[in-house]
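Heads up, the thing below is written out as structure tokens.
Throughout, read-outs are computed from the coordinates displayed, never taken from laboratory work. Note that the structure is a prediction, hence the values are computed from the model and not measured. Glycine also receives a Cβ, built like all others from the backbone with ideal geometry; neighbour counts cover every protein chain displayed.
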């Protein structure tokens, strides 16, 4: 019986190692919070930071706007985001943003469509009577993951450790029968 458990433990460990080695593409997927692709850059009459969550399908963009030193944000400010695959297989698509004043920070939001896991050119377009400007960056659209199955996938190592711990706690030790009273 003990040999069966040792074999099962070795098979489970081998399966975890095989999964880790055969699916390295899971490590490059972005499943976290948005991240910056442009930070504190003067574009037109403002200082802009562009954050993104670029999932294949629908990617999200957040534009944080600060006034220039000693200035203010124009009331007629309009911001658009243009995306295009770096290889040029599709024409650039420009998405308008919606203004959102949250917690005293002027923020613009939009979503963009990414049809493949590849690098995309991102063009930030700022327009106002006080001035206009553009900033360029690039981003890699990543697969959104497995949805509800992500939780199970991420829990597997913890469940394996819990199983081995529980198994170690419940294992019965054979009494030592070779000892003779003196």
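Label-to-label distance for residue 164 and residue 117 is 2.8 nm, based on points extended 7 Å past Cα in the beta-carbon direction.
Computed extension gain for residue 39 through residue 95, at 0.36 nm per residue and net of the alpha carbon distance, reaches 18.2 nm.
FRET efficiency for residue 136 and residue 103, Cβ-Cβ distance as r, R0 = 35 Å, nearest 0.05? Between residue 136 and residue 103 the formula returns 0.75.
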